[in-house]
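Input: a single structure, listed below in structure tokens.
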Amino acid sequence: MAVYRGPSCRLCRREGTKLMLKGERCRSEKCAMERRPFPPGMRTTRRRRSNSEYNLQLREKQKIRRIYGVLEKQFRNYFADAAHAEGVTGENLLSMLEMRLDNTVYRMGFAPSRDAARQLVLHNHMLVNSKKVNIPSYQLKEGDTIQVKDKSKNLDIVHTALKTLKEAPEWLDIDKVKLTGTVVSKPERAQIPVDVQEQLVVELYSK
């Protein structure tokens, strides 16, 4: 399975905004965006960013890709599915990305970041409808129940992450004691807390 292995902070600096790829570190003074709020690379050769329409659309697409940890080919497949589904394409795209298993585990507060949630899924710590699922991109549906496997309920990373969960998303019903959660409904745009302009991505792929 292909996945980005480079430094996460470099991605935030490239997009010029916090993508929250390292959980609590992104909220602290150690965040690279706090210490070096400029694009990566040699300072002496750093170019001014283009403000062209294409560059704005491209950067927004890259931002969404990197937030959810999706590579280019996979992102194109998500967009194609979103374009064929009923409703607004941009909102469909974000909804599909939100309902990935790794992202849902992160939203439930069982992991401090999406990367950590991906590891929990890959290492067989999560169950979906009481069945083992170790595919981070697994697409959840309304009514699906996600839970931490019994043998994994003592993991420090899960309980530490839960302490930082301030408020559960409206589209999820979470039981912090039993370490379970249910997908109550498909997330609407207002329920997805990502600061992106998905319409720019639609315009980019519509050319």
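The values are calculated or read from the model by the stated rules, or taken from the named source; none is laboratory data. Remember, predicted model here, so these are calculated numbers, not experimental data. Note: ideal-geometry Cβ built from the backbone for every residue, glycine included; neighbour counts use all protein chains shown.
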Legend entry - Restricting the range 122-160 to residues that are touching a strand residue (DSSP E or B) at 6+ places or on another chain (Cβ under 9 Å) and of a type in the set (S, T, Y), the residue that is farthest from K178 (Cα to Cα): S137
Inset, instruction - Return the pairs, sorted by first residue and then second, in which the second residue is of a type in the set (G, A, S) and assigned to a helix (DSSP H, G or I), the first residue lies in the range 71-86 and is surrounded by 12 or more Cβ atoms within 10 Å (Cβ to Cβ), the beta carbons are less than 6 Å apart, and the residues are 6+ apart or on different chains. - result: none
Legend entry - Matching residues in the range 143-156 - criterion: being under 28 Å from K186 (Cβ atoms) and crowded, with 17+ Cβ neighbours inside 10 Å: D144, I146, Q147, V148, S152
Inset, instruction - Might you check whether a residue that is free of Cβ contacts under 8 Å to residues at least 12 places away in the same chain and more than 18 Å from the chain's Cα centre (by Cα) occurs anywhere in the range 54-65? - result: yes
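Here's the yes/no breakdown for (1) touching a helix residue (DSSP H, G or I) at 6+ places or on another chain (Cβ under 9 Å); (2) surrounded by 18 or more Cβ atoms within 10 Å (Cβ to Cβ); (3) aromatic (F, W, Y); (4) not in a strand (DSSP E or B):
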{"site": "N92", "(1), (2), (3), (4)": "yes, yes, no, yes"}
{"site": "M96", "(1), (2), (3), (4)": "yes, yes, no, yes"}
{"site": "Y106", "(1), (2), (3), (4)": "yes, yes, yes, yes"}
{"site": "K141", "(1), (2), (3), (4)": "no, no, no, yes"}
Inset, instruction - Provide a single number: the residues in the range 161-205 that are touching a strand residue (DSSP E or B) at 6+ places or on another chain (Cβ under 7 Å), among the aliphatic types (A, V, I, L, M) and over 23 Å from E86 (Cα atoms). - result: 3
Legend entry - Subset tally (residues that are of a type in the set (V, I, T) and surrounded by 22 or more Cβ atoms within 10 Å (Cβ to Cβ)) for the range 121-139: 1
Legend entry - Extreme residue, farthest from P187 (Cα to Cα), among residues of the range 128-139 that are in contact with a helix residue (DSSP H, G or I) (Cβ under 9 Å, 6 or more places away or on another chain) and not β-branched (V, I, T): N134
Inset, instruction - Evaluate the range 166-189: report whether one residue or more is free of Cβ contacts under 8 Å to residues at least 24 places away in the same chain, of a type in the set (S, T, N, Q) and in a loop (DSSP other than H, G, I, E, B). - result: no
Legend entry - Selected residue [under 29 Å from T89 (Cβ atoms) and either modelled with pLDDT under 95 or among the aliphatic types (A, V, I, L, M) (or both)] from A190, A161: A190
Legend entry - Counted residues, the range 26-58 - those being surrounded by 17 or more Cβ atoms within 10 Å (Cβ to Cβ) and modelled with pLDDT of 90 or more: 1
Legend entry - Whichever residue in the range 62-90 is in contact with a helix residue (DSSP H, G or I) (Cβ under 8 Å, 6 or more places away or on another chain) and of a type in the set (S, T, N, Q) and, among such residues, is modelled with the lowest pLDDT: Q62
Inset, instruction - Go through the residues of the range 110-120 one by one and say whether even a single one is within 26 Å of V201 (Cα to Cα), surrounded by fewer than 16 Cβ atoms within 10 Å (Cβ to Cβ) and either without any contact (Cβ under 8 Å) to a residue 40 or more places away in the chain or touching a Gly at 6+ places or on another chain (Cβ under 6 Å) (or both). - result: no
Legend entry - Complete set of residues in the range 177-202 that are surrounded by fewer than 16 Cβ atoms within 10 Å (Cβ to Cβ) and among the charged types (D, E, K, R): K178, E188, R189, D195
